[in-house]
Each structure stands twice: as C-alpha cells, then as structure tokens.
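The values are calculated or read from the model by the stated rules, or taken from the named source; none is laboratory data. Just so you know, these numbers come straight off a predicted model, no measurement behind them. Note: ideal-geometry Cβ built from the backbone for every residue, glycine included; neighbour counts use all protein chains shown.
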Amino acid sequence: MGALLVLLLAFPLGVGVVSYVVPVRVAKVLAPVAGAGAFALSIALVPSVLAHGHISAGSELRVDSLSVVFLIATSFLYLATGVFSAGYLHLDAGPTGARYGRRFYAGMNVFCWAMLAAPLVSGLALLWVAIEVTTVVSALLVAIDDTDTATEAAWKYVLIASMGLGISLLATIVLYYAGTSVFGAGYDLSYAKMLAAGHHLPPEVVRLAFVLAVLGYGTKMGLVPMHTWLPDAHSEAPTPVSALLSGALLATSFYAILRFYQITTVAVGSTFPRNVLLVFGLASLLLAALYLLRQRDIKRMLAYSSIEHMGILAIGMSFGVTLAFIGVLLHVLAHAAAKGTAFFGAGSVVRKFGTKDMTLLRGGVGALPWSGSMLVAAVLALSAMPPFGLFRSEFLIVSGGLSDPRYGVAAVLVVLVMLAFVGLAWSTTQTMLTSGPADVALQATPDTALQATPDTALQATPRVTKGEVSPWIVLAMALGIAALVLLGVHLPADLSRLLDHAAHELSTP
Amino acid sequence: MLAHVPSTTAGVEDVVAVLVLLTEFAMLRGPLLRSQVRLYAFQSLAVSVLAVVVAATRHVPDIYALAGLSFALKVVIVPAVMMRLLRDVDVDLAGSPKLGVASSMLVALAVSVFGFFAVGSLHFHSSLLPTTTLAVAFAVVLVAFVLIVLRSDVVSQAMGFFSLENGVSIAGMVIAAGLPLVVEMTFLFDLLVAVVAFGIIIRVHHGRSRTLSTEELDRLRG
C-alpha cells in the first residue's frame, strides 16, 4: 500500500516535467490522464485507510482518513481541470502559442503535484515546503497571461502569500521548540509524533504556534483580513488556474491549519483553537457576503464566494463537535466540485462574450445552452441548494452548531449564508437567465476576442452566436455536477465512513 | 529568575543578532536599490556568522553545513541574481517611500520594541542561544513587515521578504537548532525557488510598465 503513496507523489511531477518537453497536443492529453490517475490512486487508498487507520511509506509519507479526504478533493479537481483545459485554451499555431502551452501544462501539473504532496507528507516542515511550492508555481501561473492586471495580481499574490508563509514557518519552528521539551533537541517534526506527545507539550508555546499558523496558512486560505490577494489572483489567472486555486489550494492550506488544530487540541484543549477560528471565520463570512452583493466581475464574484466558504469551514471547526466536522470535510469535497464547475462555466462565458463584466453579460443560457445552465446549477449549489452536496454539508455544520451552547453563531451563519445567496443568485440570474442579443438577433458575428477593451462601460452587450465553446468544457462541468449530485443525494458508503473516521480523528486525536 | 552576567559567547551572539536588526533598519532608509541588495548580503553574512558561532560554541556540527549553505545562497547567489536584475532593468532609485525617513524609523522602532517585549513575556528557554536573540529575531521579522508596507517598489519589497526570512532563520537557530539538516536545506532550496519566481515577476512587471514602482499596481479593486 505504501507504494501507492510513492506513485501518487511521483506521477504528477513526472507528467509535469514531460509536459514541458513534448508537443502541446500530447500535453493536452497527458493532463487529464494524470488527473484521472491521481484520482484513481486517491480512491484506491480509501479501503486500506479505513481498515488500518493510516498508511505510511518510509518515515516521510503518511496518510490517514483526514489526508485522504483532501487528496480526493484535489485529485478530482485535477482531473476536471485537465479536461476543461483541453477545451479552454486556444493557442496560436506559432511558437508563442506552443511556448504558452508548454509553460501552462508544466506549471499546472507541478502545481497539482505540490497540492497532492501536502497531505501526503508526515512532517510539518515538509508540509510547509509543499505549500510554499504551490505558492511559487501558482504565482507564475497567475502571471502567465502577461497582461498589466495579471502582473499586478501575481505580484500581490506572491508577496502577500510569501509573507504569510514566513509567519507559518515561524509557527512550525515554534511548534518544533514545543516538542524539544519532550523529544530532546533533535527529532522529526511529524504530526503523528506531536499528537502522541500531546499532553506534555508546553501550552503557552503551542498556543503561540497555533495563532501564528492560523495567521500564516490563513493568508493562503483566504481568511479575512489576510485575503486581499485572493480576488485579484482568482480573477486574473487563466480560468483553469482559478478553478485550482479556489477549489484545491485554499483547502490545502486549510488542511495545514487542521493539523495544527489537532495538536493544539491535544495540548491545550479545544476551546482556544475554536475561538481563534471562530473570529476569523465570522470576519471572512461577513465581509465576503457583503462584497458578493455588489460585484460586477464574474470571476471576482466567485472569488468572494470562496472566501465565504472558507469562512464557513472555519466556523464549522469552531463548533467543535463531530457532526460539524463531518460537515466541514464533506464541504471541502463539495466545494472543490462546485467551485471548479462554476469557474469552468465562467470561463466558458468569458470566452463566448469576451468580457467578465456582468453588467454587460445578458442571455448566457441562451447562448450557451449546456455550460450556461450548468453554471447556474453550480451557483445554486454554491448557495447550498438541494440536491447538491453543499446543502448536505452546510446542513450538517449548522446542526452541529445548534448542538453547541453558543447556537447564536449557527444562526448568524445561516443569515450570512442567505445574504451571500442573494448576491450570487441575483447577479447570476441577471446575466444568465435574461434574454440577450443572442436570442434577439442570431447574427453570424464572430465570437469576440478574449481581451475586452478597457472602456467596457461604453460597450453594449457583445453579440454572440448560439453554441458551446467546446465539448470538453461541457464534459468537465458535467463531471462536477455529477459529483455534486452524488454527494448530495447518495453519499457512497465508503466515503461516508471515511468522513466519519476523519471527523473522529479531529475530535479525539 | 536569577540575574546573571552574560558569558563572552552569549555577548558575541547578541552583538551579531543586533547587527542583523540594525541592518534591517538601514534597509528601511536606503534610497538606492543597489545598496538595498548589498545591505541584504551583509545581513545574510551576519546570519551565517551567527550560525558558525553557534556551531562552534554549542558543538552542533550540523549547523556548520547550514552556515556554509546559507552563505552560498544568501550572501552570494541571491544578491547576484538581484544585482543582475537591477543591471538589466537599469533603475537605480527606490520608489518614494510612503512615509518620511524619520517617521518610518519611529514606526520601525515602535514595532521592534513591541516585538522585543512580546517575546520576552513568553518565557522561552533555550539551551542554545540566549532568549534575547530570539526577541531580536522577532523584531527583525516585524521591521521587515514595516519595510514591505512602506516601500513602494517591487525590488525593495522583495528584499524585505528575503530579510524577513533572515529573521525567521535566526529564530530557527535559537529555538530549533536540532531541526534535521535535510529539512533546513529544503527551506533554503525553497528560498532559491522563491527568488527565481520573484525575479521573473519583477522582470515581467518592468517589461510591461518600464518601472519598478508599485504605484501603478492599483487597477484591481473591490
């Protein structure tokens, strides 16, 4: 079984390197194949993790139920993004297009590799390294379009995220110091070991490490007030990268926080870490819900929705009961599928209409019968509508919260989620379900170019012909919707047990 | 706790650590980008020297290797990469800071005093370095934050981040000297990758706007 872990670690990296040398049309096929392989490997880990509790390979690789949940979320999105990219990228035939394609595919695979490596490693120091690698690679991917705004977003992202990671490195070092009182000066900083040492760790030091970790990794997770890089990077990156950033990267940073949460809970009890997460969670949810009400840019809207969902995750953890933890972990899976699908839909719309400005977009579903409708479905899923997975997960989180004596928080959570729903649903129905020029005059005008002219305020709604941009985009979105319905309607038995195990690991480490 | 007179080695370590902090202050006011990079090289040199002192006096031979690596990377390679970049883009002056020299110094002083006493109140005990050094390390990190916030050009901000990493390195030496060498080397390798990424994005920015200033980076809002 340990061999599976090594394979899962080596495979995407290999594909990334190969993608840089082979022609782009080969890389185009390799990416979804690698994604499918990673997804299959992650699923294959489930039975033995359920049977043995954890699997390890050597002293560096170790997964338990909690890690497998994140592996499944990331690898699913890797697969879907691979499929989507095949339809989304329109590369020039010349050398510029080939160079862009090579960089994009190499970067995307390495990015996914680093995100898969994070839950695979047993050491907290290596976890930090994996997350730092995701920052570096994804910052370059954000800059890849080489526009003024993309450069600005990439700079803010790399600087703010690196500063955050500086803080989380400090957190790792401080936690290491906490362990020296138990293990002596030189030892391996693995989370399993720290959990075992739990009660003997000096509480003050562990508290400091936890706060630094939430500040540091929280910067990458997009918790308010360290979220400022997030809407920029998500809106300016190429859409496949936006989907990965939002659905997988934020969750990976959340995973790091969960490991610190586990250790802190054993060392000082759960009240302290729960209160810290509650503060950041509420701030994130509140700010995101307000920004969602007045957002014009479709990709920025989805970015703020990510902040909202990260807030929900943090609040879910602050409830401190197993039921809410199951909800939180299911939320990670469902959010990956829903946000990926929503970004794919937004990408399709942007390709079709040539603008991200929602005040100009009209008649989306008319022009894009499949991807447009699925975008509406994904947005409804993000607003926690049944029958999608996020309904079930938020339901579990709120029921967990109502069992807490502070049930007021659960009520606030529901109100803010409703507020976010109004913002999301209003903008989406205005753009997608209205009748646009596409319905009125189906003229044979060519699809507008991707780059909208700066002065969009004076433009009318772009006229487009009816028809999908690419069948690959539709396929990628269908995958996401299928996963969302499956998670919402009929949770597979093994997955349900996996979530159960992982939630117990969080509550009684 | 008993009051005690610090030993000579402890004194040496403190002096080097304070030198690192003073360099951070100098970086905060340096108007030339080149001097910024040189100051960073000097600061990294001080960090490497501190590592050698720790390795020699506390008999932790692993740290010699770390000192060597950090010298090669942070005193030679990173400054060389940044100098080359500055030569290519041909810009000398740093962007105008958001506060005057005197005010930025006051802000930096205030945060470093805060960092110093905040760490003091945590009661860390280290067998390797005096905890004063740890307090200085936290002060370096905080002043690096001030530097990044107040400077308005991409090179200064990048140098601020690298010097923040120097502060974290010192903290690592004080309280986590036993951290396995492999891990420490991975951290350094990671820094190298980060430098490359920063370099690429700085070049792209300069290529598009013909300036290193961050003043124009305000298009994305809301």
Review point. Does residue A:185 fit the bill of being without any contact (Cβ under 8 Å) to a residue 12 or more places away in the chain, aliphatic (A, V, I, L, M) and within 12 Å of another protein chain (Cβ to nearest Cβ)?
Key: yes
Exercise for review: For segment A:97-104, indicate whether the set of residues that are touching a Phe, Trp or Tyr at 6+ places or on another chain (Cβ under 8 Å) and crowded, with 22+ Cβ neighbours inside 10 Å is non-empty.
Suggested key: no
Exercise for review: Being under 29 Å from residue A:335 (Cβ atoms) and free of Cβ contacts under 8 Å to residues at least 60 places away in the same chain is the filter; apply it to segment A:194-216 and report the residue that is surrounded by the fewest Cβ atoms within 10 Å (Cβ to Cβ).
Suggested key: A:215
Check your understanding: So which of B:93, B:106, B:181 ends up being under 25 Å from residue B:14 (Cβ atoms) and not charged (D, E, K, R)?
Key -> B:106
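Whether any residue in segment A:276-290 is away from chain B (no Cβ under 14 Å), within 30 Å of residue A:346 (Cα to Cα) and of a type in the set (Phe, Trp, Tyr) is what I want to check.
Looking through segment A:276-290, at least one residue is away from chain B (no Cβ under 14 Å), within 30 Å of residue A:346 (Cα to Cα) and of a type in the set (Phe, Trp, Tyr).
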Check your understanding: Out of the residues in segment A:294-303 that are assigned to a helix (DSSP H, G or I) and within 12 Å of another protein chain (Cβ to nearest Cβ), which is farthest from residue A:224 (Cα to Cα)?
Key -> A:299
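Looking at A:326, A:307, A:298, which is the one that is buried (at least 23 other Cβ atoms within 10 Å of the Cβ), over 21 Å from residue A:235 (Cα atoms) and touching a residue at least 60 places away in the same chain (Cβ under 8 Å)?
A:326 is the lone residue from the list that is buried (at least 23 other Cβ atoms within 10 Å of the Cβ), over 21 Å from residue A:235 (Cα atoms) and touching a residue at least 60 places away in the same chain (Cβ under 8 Å).
May I ask you to say which residue of A:121, A:142 is surrounded by fewer than 24 Cβ atoms within 10 Å (Cβ to Cβ) and more than 8 Å from chain B (Cβ to nearest Cβ)?
Residue meeting the stated conditions: A:121.
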Review point. Is there a residue being modelled with pLDDT under 90, farther than 30 Å from residue A:269 by Cβ and surrounded by 17 or more Cβ atoms within 10 Å (Cβ to Cβ) anywhere in segment A:450-461?
Key: yes
Practice item. Give A:149, A:219, A:134, A:228 a once-over and let me know the one that is surrounded by fewer than 19 Cβ atoms within 10 Å (Cβ to Cβ), among the β-branched types (Val, Ile, Thr) and more than 8 Å from chain B (Cβ to nearest Cβ). Key: A:228
Review point. Of the residues that make up segment A:199-212, is at least one within 23 Å of residue B:192 (Cα to Cα) and within 12 Å of another protein chain (Cβ to nearest Cβ)?
Key: no
Review point. Just wondering, is there one or more residues in segment A:175-192 that are in contact with a Lys or Arg (Cβ under 9 Å, 6 or more places away or on another chain) and under 27 Å from residue A:152 (Cα atoms)?
Key: no
Revision key, fill the gap. Note on residue A:100: of the conditions (1) in contact with a helix residue (DSSP H, G or I) (Cβ under 6 Å, 6 or more places away or on another chain); (2) closer than 21 Å to residue A:346 by Cβ, unmet is (1)
